[in-house]
Every structure is written in structure tokens, then in C-alpha cells.
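Trainee: The following block contains the structure, expressed as C-alpha cells.
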Amino acid sequence: MKKSLNLRSLAAQAIEQVVEKGQSLSNVLPPLQQKVSDKDKALLQELCFGVTRTLPLLEWLVGKLMSRPMTGKQRTIHYLIMVGFYQLIYTRIPAHAALAETVEGAIAIKRPQFKGLINGVLRQFQRQQDALLAESAQQECRWLHPSWLLKRLKAAYPQQWQSIIEANNLHPPMWLRVNRQHHSRDNWLALLLENGIHGFTHPDYPDAVRLETPVAVQMLPGFDQGWVTVQDASAQKCVSLLAPQNGENILDLCAAPGGKTTHILEAAPEAKIMAVDVDALRLKRVYDNLNRLNMQAEVKQGDGRFPAQWCGTQQFDRILLDAPCSATGVIRRHPDIKWLRRDSDIAELARLQSEILDAIWSHLKPGGTLLYATCSVLPEENMQQIAAFLGRTPDATLVETGTPDHPGTQNLPASTEGDGFFYAKLIKR
């Protein structure tokens, strides 16, 4: 491979974009993966996700082993050294190969003068590795989360915050949704086993299968024919609670990338669906999902705060509002969330959620169902949001999810369970 495509330097540049420029890995990584061979795509992803997952520890190590921080245009070297640490601690890449490739990364980013520094810091870490990691285990960096988020999780979940953090730091399980229009879940599971892949069902979600080990989607029986979709178990619960029926007029608001839109159509193929999202780029994913599954929905770009602009006076039998949120329930899938979010974002998101809820409620038919969902674990976006909405909306009634004192249902992430998700099911009187 050409030196300019040194994987470690590409990873360092991607991580710098996330931490310094606020870019998400889902935007930064795909163009970089296009530059490398298929076998290297997975390693590049592992290095980027791994470093963002373990960033506080790696930052702490840089602080211990370097007398002064790299600044300005040399920041890429800072992240390159972190990529080196990550390989030595967390991967099975032979140490000599990890060292050599990371040092070569300095040439790829046109900073050859730093080769000696990188080599020296990484070798010093190797010599002191056990002592440094033992010391780090006594520091706050061991939690691998920003301090503002730790504080919020401790306040919201005094008994469970540690298990939430431990789940966030794991690699996520791969959950699938079997398309009931093609196969029963158990029939498809048998096909999976014939292909030598082991899966497990979920006791509460009728279409859900968890793979023992994640695989490429091309290995899944019938993926291209729409027999199965990659979707977390907790996201699948939305459609169980929404309970869509054939013939109904249903709105999926904040619909991108379209996993729930297609799940609604699998459950009620004769329902009339409108899928709306504010982000035109992400709406392309909705079209892709509908096309793969050979389904039809009315897809629109629109802001949830101003529904009259995209649906006029239209009324819906059911509304699924998967509200914009902090995504603190899906950190194990998107570890860069920890560095893209700020403490001040939470109040802003809660305000946006309440504006969308108030605006869309008038488009729900009397007797209709609105399911409010987020992939957050923070009460301000979830239980407190719904309690406030119920307080100011006399014709809204909570059903099936929680109590008036504790409205809604909160799923927390766990190693073999779904992601962190919140649901509140409301009926319009």
C-alpha cells in the first residue's frame, strides 16, 4: 500500500476531525475507507472507534509521557501517538508492527521530523505499561467518559451509573429484525444456522435476533431481498408499542435513516405512511431502505416544529416521534458522541423536543396514539419531558408506559440487550 495511505495516519486525521472540529465519525470515516483496501476498512474503523471509545485514558497517558502537548498543526501527531497506545493496549496487532506502522504515519502526514518522538514515547510506554495502567485505574479517566456526562449519569442513576458506563464501553451486539412479510423469525433463524451463523431470539421483541458474533450483512440469508434488516432490539420496541394497523394514516417523524418506517410497513403493509426528516442527506437513507425492502412511503423533508409546512392540516391515526436527542443511549455504537456532545446541549435538545411535541400533537386525531421515543438515557429528555407535556396538555393520556409520577419506560444499555432507549405512549382523548 502507498505510504500516503498509512492506516494509522488516516485514523489520527479522522480522530482529530472528531475531537477538534466536532465532526462525527459517520461523516468522516466513509470517505477515508474508500481510499483503502477492503481488508483494511475494518481495521481503520476499529482504530477510529477504539480511540474515541478510550480517549480519556489515552489523553492521560500522553500527559504522563510527554513533557508538553502538541499544538497547532502538530496536533495530528498527538492523535497518532494515541493510535499507537490503543494498538498496544487493546489490539492483537504485534507490538513491533504497531510501532513501525505508527512511526511511518509521521511520513504519510508529511511530519517525518517527529518519527523519533513517536518511537520514543511508544517505547517508553511499553517499558512502563503495567505501572501506568495500574495508576490509571485509580484515576477518573478509567471510566472513559467526559466528566459532565459522568456527573449526569451519577445523579440520574445512583445505583446503576457504573453498569451503564461499563455497557457503553463495550463493543455493541449486532441485532437484526426479521421481515415477517417473508419469514417467521424462527424460520429465518433456521436458515441462519444452515449458514453456520448462531443467533438468539429476544423474549419481548417478536422480530429480533441477536448474532453471537457480528458478520457482514452480505452473509445474512436474504439480506438483499429484504428478508432481514440490521436494527437494534430497543429500536424495534417502538413499533411493538405503536401497534400500527392496516388502513391507518401514520406519521413517522424524524424518520431517517428509515428503520422504523420499514418496520411499520412490515407490521402493517397496507398502512399509509408519511416519513419526514429535517435532514435531506439522511433522507437518502430512507429511500435506500424502502427500495431494498421494496416498500412505498411518502417521504418528505420537513421541520417537526412546523408541520403545517409539510402536511397542511392533515391528521394522523398514529404518530411515531423518534425525537432528536443527545444519543446517550447509543454510545457503544457511536463512541464519538461522548466528544461531540456538550453539557449545554441537553437543555437545548429538551427545548427542541418540547416544541416538536407541542406542534405535532394538533395533527393527531382524537383517539389516536403518539409514541414519543429517544435513544437517550437522560431524564431531562425523557421522563421529565413527558411529565411536563402531560402537565400542559389536558387531552393527553399516558398508557402502557410508566405512571403519571414516572411517565414512560427507560431501557438501559446492557451487554446482550438493546441500546439505551426511552418510550412514552400517549393517547389523545
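Trainee: If we keep just the residues of segment 327-341 that are in contact with a helix residue (DSSP H, G or I) (Cβ under 6 Å, 6 or more places away or on another chain) and not in a helix (DSSP H, G or I), which is farthest from Ala414 (Cα to Cα)?
Mentor: Ranking the qualifying residues of segment 327-341, first place goes to Asp336.
Trainee: One residue is enough: does segment 52-67 have a residue meeting the conditions modelled with pLDDT of 95 or more and part of a loop (DSSP other than H, G, I, E, B)?
Mentor: Yes.
Trainee: Let me ask another. Counting just the residues of segment 61-83 that are surrounded by fewer than 24 Cβ atoms within 10 Å (Cβ to Cβ) and in contact with an Asp or Glu (Cβ under 9 Å, 6 or more places away or on another chain), which one comes out nearest to Ile107 (Cα to Cα)?
Mentor: Thr76
Trainee: Step by step: first the residues of segment 1-58, then only those that are among the acidic types (Asp, Glu) and in contact (Cβ under 8 Å) with a residue 24 or more places away in the chain, then the one that is farthest from Ala134 (Cα to Cα). Which residue is that?
Mentor: Ranking the candidates gives Asp40 first.
Trainee: Among the residues of segment 22-51, write down those that are in a helix (DSSP H, G or I), more than 19 Å from Ile81 (Cβ to Cβ) and not hydrophobic (A, V, I, L, M, F, W, C).
Mentor: Those that are in a helix (DSSP H, G or I), more than 19 Å from Ile81 (Cβ to Cβ) and not hydrophobic (A, V, I, L, M, F, W, C): Ser26, Asn27, Pro30, Pro31, Gln33, Asp38, Lys39, Asp40, Lys41, Gln45.
Trainee: Under 6 Å by Cβ, and 6 or more places apart or on different chains, what pairs join a residue from segment 400-416 that is within 21 Å of Asp232 (Cβ to Cβ) and touching a residue at least 12 places away in the same chain (Cβ under 8 Å) with one that is part of a loop (DSSP other than H, G, I, E, B) and among the hydrophobic types (A, V, I, L, M, F, W, C)?
Mentor: Close Cβ pairs (under 6 Å, with a partner that is part of a loop (DSSP other than H, G, I, E, B) and among the hydrophobic types (A, V, I, L, M, F, W, C)) amount to Ser415/Leu170.
Trainee: Would you pick out the residues in segment 388-418 that are closer than 18 Å to Leu320 by Cα, at pLDDT 95 or above and under 27 Å from the mean Cα position of the chain (by Cα)?
Mentor: Phe389, Pro407, Gly408, Thr409, Gln410, Asn411
Trainee: Given the conditions (1) in contact with a Lys or Arg (Cβ under 8 Å, 6 or more places away or on another chain); (2) surrounded by fewer than 19 Cβ atoms within 10 Å (Cβ to Cβ); (3) over 30 Å from Ser326 (Cα atoms), report the number of the one that Gly105 does not fulfil.
Mentor: Failed condition: (2).
Trainee: Oh, and also: Which is at pLDDT 95 or above, over 30 Å from His182 (Cα atoms), of a type in the set (A, V, I, L, M) and touching a Pro at 6+ places or on another chain (Cβ under 6 Å), of Ile360, Ile346, Ile337, Ile331?
Mentor: Being at pLDDT 95 or above, over 30 Å from His182 (Cα atoms), of a type in the set (A, V, I, L, M) and touching a Pro at 6+ places or on another chain (Cβ under 6 Å) holds for just one of Ile360, Ile346, Ile337, Ile331, which is Ile360.
Trainee: If you check Arg292, Arg305, Arg342, Arg318, which single one turns out to be basic (Lys, Arg), under 22 Å from Ala156 (Cβ atoms) and assigned by TED's automatic domain parsing to the domain that holds Ser376?
Mentor: Arg342
Trainee: Here is a further query. Give the residue, chosen from Ala235, Ala243, Ala271, that is touching a Ser or Thr at 6+ places or on another chain (Cβ under 8 Å), closer than 24 Å to Glu400 by Cβ and of a type outside the set (Val, Ile, Thr). Don't jump to the end; show me each part of the working.
Mentor: Working: Ala235 fails: touching a Ser or Thr at 6+ places or on another chain (Cβ under 8 Å); Ala271 fails: touching a Ser or Thr at 6+ places or on another chain (Cβ under 8 Å).
One residue alone meets the criteria, Ala243.
Trainee: Further question: Select from segment 231-266 the residues that are part of a helix (DSSP H, G or I) and small (Gly, Ala, Ser) and write down the one among them that is surrounded by the most Cβ atoms within 10 Å (Cβ to Cβ). Full working, then the answer.
Mentor: Looking only at segment 231-266, we keep the residues that are part of a helix (DSSP H, G or I), and these are 233-242, 259-266.
Those still in the list that are small (Gly, Ala, Ser) too: 233-235, 240, 259.
Values: Ala233: 23, Ser234: 25, Ala235: 22, Ser240: 16, Gly259: 23.
Among them, the one singled out is Ser234.
Trainee: Quickly run through segment 267-283 and pick out the residues that are part of a helix (DSSP H, G or I) and either among the polar types (S, T, N, Q) or modelled with pLDDT of 95 or more (or both).
Mentor: Ala267, Leu283
Trainee: List the number of the failed condition for Lys151; all other conditions in (1) loosely packed, with under 15 Cβ neighbours inside 10 Å; (2) within 23 Å of Ser9 (Cβ to Cβ); (3) charged (D, E, K, R) hold.
Mentor: Looking at each condition in turn, Lys151 falls short on (2).
Trainee: Within segment 9-56, work out how many residues are within 21 Å of Lys73 (Cβ to Cβ) and touching a Cys at 6+ places or on another chain (Cβ under 7 Å).
Mentor: Qualifying residue count, segment 9-56: 3.
Trainee: Tally up the residues in segment 107-150 that are under 24 Å from Asp336 (Cα atoms), assigned to a helix (DSSP H, G or I) and in contact (Cβ under 8 Å) with a residue 60 or more places away in the chain, please.
Mentor: Final tally of qualifying residues: 7.
The values are calculated or read from the model by the stated rules, or taken from the named source; none is laboratory data. Note that the structure is a prediction, hence the values are computed from the model and not measured. Using ideal geometry, Cβ is built from the backbone for each residue, glycine included, and neighbour counts are taken over all protein chains shown.
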